[in-house]
Amino acid sequence: MALTREQIAKRVAMELQDGYYVNLGIGIPTLVANYVPEGIEVMLQSENGLLGMGPYPSESQVDADMINAGKETVTAAKGAAIFNSAESFAMIRGGHVDLTVLGAFEVDQNGNIASWMIPNKLVKGMGGAMDLVAGAKNIICTMTHANKHGESKLLTECSLPLTGVGCINKVITDLALIEIKDGAFHLLECAPGVTVSEIQERTAGNLIVSKKVKTMSFA
Amino acid sequence: MAGFDKVVASYDEAMAGLEDGMTVIAGGFGLCGIPEGLIAQIKCQGTRDLTVVSNNCGVDGFGLGVLLEDQQISKMVASYVGENALFEQQLLSGELEVELTPQGTLAEKMRAGGAGIPAFYTATGVGTPVAEGKETRNINGRDYLLEPSITGDFAIVKAWKADRYGNCIYRHTAMNFNPMAATAGQITVLEVEEIVELGELEPSQIHTPGIYIDRVIKGEFEKRIEKITTQAATL
């Protein structure tokens, strides 16, 4: 069975380590905050200028001046800091954020990512994604393994305009956990009930099946 | 008005000198921390052919989005414009030019512009459409793009409290791009919720010193929220 969005988020959360400063993108990455393992502390960075993002407010706490990068109303956690956009991106570009989790349209075997633009279709902009992928050392990309038409999103070479070059080293999809190195995808974990051949079928780029490939667990 | 007193009495005075074809840098992130009254004044003045530099372009009917209604903006420099149907329509029809700029690069362009730095190198955007036509330089084994900084004929900024010298503080995440925008205008106009007495703001807690500010006006703010998310809603 393919993983649900929540299960993908749960698997990503297992990559968190105590003391990590983490930036979570919009969509599945946002859900990761719900599954921080017990006994560890992480601090969420929101690129509009908040380090230490707390939960959504209660109705009486809603404040127009307190939002996250997804423009949702949020709270500041105890011990949070608020700063301007240049400072926020100094943290990101200077490599001070320990982990970035973001979604994508396509990833290729050289670690290139396309996540912001579909020519003639979608005119939205890259927001902070190009800064995040250029600045972070440790990036996890979450997405479905294939699109609605069953076409692989893990490619030999991205077909859409890029967000960043050679920057993605780990992808967690609804089918698998894959590492990218030396110009290839390396299959490390299969989702429960998903076979290696199914993953091979849905991976267009060069996929190397690790001898130690295992079934994903969530504990 | 004398000495360092920057307070003006009317929006006409606040935006006096804004002419067709000028560049306006605006603070704000989405609808958070936007100078609502100054935007309304630009709409009212009917100034056209503007280049507007701001992270976003408001939404349909609010924020900078209202300047699209009478086609006052000819070029927009922004990082994300996905919340605005009229924007997309004018872009596709060719009435509006857009220069999509990575968010961190945009903040740094304003900061550098205000600090007298004409351009800077950054790894952001290397190998992407953002790099087209820009100088790339390898420094210590990594490629970087040369990004020119930005200054504006006007900067319009929203703060929480200011004194009459223009020293100001921002509230929560309504700070965002405002401090950088404030430094990058030939004429910087500050719209605030409250004008306080000199000395009331603690000098070491000032976010933007008054030297960057040319005019201060007290505004009334609707503070519309783009996405109200609450704990109850997530259960």
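Laid out as a table, the results:
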{"quantity": "Other protein chain Cβ atoms within 10 Å, averaged over every residue that makes up B:90-101", "calculated": "1"}
{"quantity": "Neighbouring partner chain Cβ atoms per residue of B:222-230, average, 10 Å criterion", "calculated": "6"}
{"quantity": "Ellipticity estimate at 222 nm from DSSP helix runs (n ≥ 4, -39,500 (n - 2.57)) divided over the protein assembly as shown, nearest 500", "calculated": "-4500 deg cm²/dmol"}
{"quantity": "Label-point separation in nm, B:Glu69 to B:Asn138, each point 7 Å along Cα→Cβ", "calculated": "5.4"}
{"quantity": "Stretchable slack from B:Lys227 to B:Glu13, in nm (0.36 nm times residue separation minus alpha-carbon distance)", "calculated": "73.7 nm"}
{"quantity": "Listed residues A:Thr156, B:Asn176, A:Leu99: farthest to the positive end of the dipole of the protein assembly as shown (Cβ charges)", "calculated": "A:Thr156"}
{"quantity": "Among beta bridges that DSSP assigns inside chain B, antiparallel share in %, nearest 5", "calculated": "30"}
{"quantity": "Förster radius 51 Å - calculated FRET efficiency between B:Glu99 and A:Ser217, Cβ distance, rounded to 0.05", "calculated": "0.60"}
{"quantity": "Those lysines that a straight Cα-Cα span of less than 30 Å connects to A:Lys181, excepting residues fewer than 8 apart in one chain", "calculated": "A:Lys10, A:Lys137, A:Lys148, A:Lys153, A:Lys170, A:Lys211, A:Lys212, A:Lys214, B:Lys134"}
{"quantity": "Interatomic Cα distance distribution for the range A:1-59, bins of 5 angstrom, percent", "calculated": "4, 18, 27, 25, 16, 7, 2, 1"}
{"quantity": "Shielding score for B:70-79, defined as the mean number of other chain Cβ atoms within 10 Å", "calculated": "1"}
{"quantity": "Cα centre as origin, Lys/Arg/Asp/Glu Cβ charges: chain A dipole, Debye", "calculated": "420"}
{"quantity": "Farthest toward positive dipole pole in the protein assembly as shown [+1 Lys/Arg, -1 Asp/Glu at C-beta], among B:Gly219, B:Thr101, B:Tyr11", "calculated": "B:Thr101"}
{"quantity": "Share, in percent, of DSSP beta bridges within the range A:90-219 that are antiparallel, nearest 5", "calculated": "50"}
{"quantity": "The range B:10-69 - percent relative contact order, Cα under 8 Å, separation 6 or more", "calculated": "38"}
{"quantity": "Percent antiparallel among DSSP beta bridges (both partners in the protein assembly as shown, rounded to 5)", "calculated": "40"}
{"quantity": "Set of the range B:103-129 residues, backbone N closer than 17 Å to the point 7 Å along the Cα-Cβ line of A:Glu157", "calculated": "B:127-129"}
{"quantity": "Net charge of neighbours whose Cβ lies under 9 Å from the Cβ of A:Phe218, counting Lys and Arg as +1 and Asp and Glu as -1", "calculated": "+2"}
{"quantity": "Ratio of the Cα radius of gyration of the range B:172-214 to 2.2 N^0.38 Å, where N counts its residues", "calculated": "1.18"}
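Coordinate-derived values only; no laboratory data. Remember, predicted model here, so these are calculated numbers, not experimental data. Note: ideal-geometry Cβ built from the backbone for every residue, glycine included; neighbour counts use all protein chains shown.
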